[in-house]
Amino acid sequence: MRRAPLALRAALLSLLLFAAFVAIWHLATLPKGGRAAMDPEYAKLMGAGATQGKSAMPTPADVGAAIAGHLADPFFDRGPNTKGIGIQLGYSIGRVLIGFALAVIVGVPLGFVIHHATRRHYSSSSHEGLSLCAQYWHFLGGVWLVLVTMLYLGN
């Protein structure tokens, strides 16, 4: 008898574990019958659902509805603190790319300088690579000043 391929067995096991997790989650968040007797101060803190025997943790259906709501309109913009998940992901990916670009801008010239310095390529008569690196950094400083000024004046 042939066994199923390893990838198929791994996928089925993953689906089975996910289904078991969701089932346990659903059972743990089922509302309990009747009203719970608790301190009125604690009831105010926890909200009306806690006094009715409802779990403070959302059910899988509540989480699914919230995800569907976020995916229904991912690019909405309703002010500075209310933006869709698509806009937030875009900003996040943009920040990652800016960080990567800054790391490349710093790392590549620094790597060249360190490589040539360890190979003793610089001397009192041959140091044009080091001076080119310094000129490059001065150029980047000027570009940065212009960009930051334009961004602040543009807003």
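Can you find, within the range 10-34, the residue that is farthest from the chain's Cα centre (by Cα) among those that are modelled with pLDDT under 90 and surrounded by 11 or more Cβ atoms within 10 Å (Cβ to Cβ)? In this case the residue turns out to be PRO31.
In the range 64-91, the qualifying residues are those that are more than 19 Å from the chain's Cα centre (by Cα) and in a helix (DSSP H, G or I), and the one that is nearest to LEU27 (Cα to Cα) is GLY64.
PRO80 fulfils the conditions (1) in contact with a Leu (Cβ under 9 Å, 6 or more places away or on another chain); (2) of a type outside the set (S, T, N, Q); (3) surrounded by fewer than 10 Cβ atoms within 10 Å (Cβ to Cβ) except for a single criterion, (1). Taking the listed residues VAL104, VAL143, VAL113, the one that is in a helix (DSSP H, G or I) and surrounded by 12 or more Cβ atoms within 10 Å (Cβ to Cβ) is VAL113, with no other qualifying. Number of residues in the range 39-63 that are closer than 11 Å to TRP25 by Cβ, more than 23 Å from the chain's Cα centre (by Cα) and at pLDDT 75 or above equals 3.
The values are calculated or read from the model by the stated rules, or taken from the named source; none is laboratory data. Given the structure is predicted, the values throughout are model-derived calculations rather than measurements. Because the Cβ atoms are built from the backbone with ideal geometry, glycine has one as well, and the counts that use them run over all protein chains shown.
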